[in-house]
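Notes for the one structure printed next.
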Amino acid sequence: MDTAQQDFTYYHRSLIQMYQVYYRRRLYGIATAILIIIGYSLLFREGLIINGLLLILLLAIAGWLYKRFGEAEEVIAAHLSQNSPPKVRQLTEFEDVYGFDPGDGSVLYIKKRSNRNFPSQDKSLTLMAGYQKGYFFKQPFMILYYDMLETVLDEAYRLKRNRQNGYQRWSGFFSFRRIKSSIGNGFRLVFGNLFLLFIAYRLVRYLIQMILYFF
């Protein structure tokens, strides 16, 4: 049994749980939205066409998520196949993500939040499981090997960590780079989630009207 087979077997339950919790949370969110829309429609009998279309769309998304939820074994087996023997990735650490080249010259990013590092049977390696940073991935769950000693820091992140940018700490909040980055992140958040914002607007509206109806 090679290193990858041993690692994936030993951490199998944890990897399954990590994979499924990603989809379970989204399924719970959609189920809550569906219940709110149904409750609103039954109480007020208005906007039934729009509400019906939203329900159909949400049910379709829920079906897609549920199908992905049930593919945990296949996804993990695919990652095992890709890492037998282990393919060691060169990680670059940024403020909130790790970046690496998957082998085709592009760069993929794994969020630091909610990722996990598992000690490998090969003491020089670490097995990382996490989620890609971005929107609308067909499969966001990632598993890879890396050498912790070979991880490098992004230059801007290194300077920030070491406070070697020549500015006092408070002035960094008003720097052109920080302002530009904040504006860019805001636009990406809005335009990358227009559908989610529309759903959120409808749900808030439904909730307010239902609260006013009862109280």
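Tell me, what is a quarter of the convex hull surface for the C-alpha atoms of the stretch 30-124, in nm² with one decimal?
9.9 nm²
Check each of the trypsin sites (Lys or Arg not before Pro) in the stretch 1-89 and keep only those in coil by DSSP with at most 15 other C-beta atoms within 10 angstrom; list them in order. The partial results should precede the final answer.
Details: sites: R13, R24, R25, R26, R45, K67, R68, K87, R89; in loops: R45, K87.
Filter output for the stretch 1-89: R45, K87.
Ignoring ligands, DNA and RNA, what accessible area per residue does the stretch 46-163 give at 1.4 Å, in Å²? Before the final figure, lay out each step's value.
On the way: 7060 Å² over 118 residues.
Spelled out: the 1.4 Å probe surface of the stretch 46-163, per residue, equals 60 Å².
Under a cut-off of 25 Å between alpha-carbon atoms, report the lysines in cross-link reach of K67, not counting same-chain residues fewer than 8 places apart.
Of all the lysines, those that pass the test against K67 - Cα under 25 Å, at least 8 places apart if same chain - are K111, K133, K138.
Picking from F94, L35, Q82, whose Cα lies most toward the positive end of the charge dipole for the stretch 25-101 (charges on Cβ: Lys, Arg +1; Asp, Glu -1)?
Value: L35.
If you rank K123, K112 by how much accessible surface each has, with a 1.4 Å probe, what is the order from largest down?
Order by accessible area, largest first: K123, K112.
The values are calculated or read from the model by the stated rules, or taken from the named source; none is laboratory data. Fair warning: this is a prediction, and the values are worked out from it, not measured in the lab. As a convention, Cβ positions derive from the backbone with ideal geometry for all residues, glycine included, and neighbour counts pool all protein chains shown. Note: areas computed on protein heavy atoms with side chains; ligands, DNA, RNA excluded. Shrake-Rupley method; radii C 1.70, N 1.55, O 1.52, S 1.80 Å.
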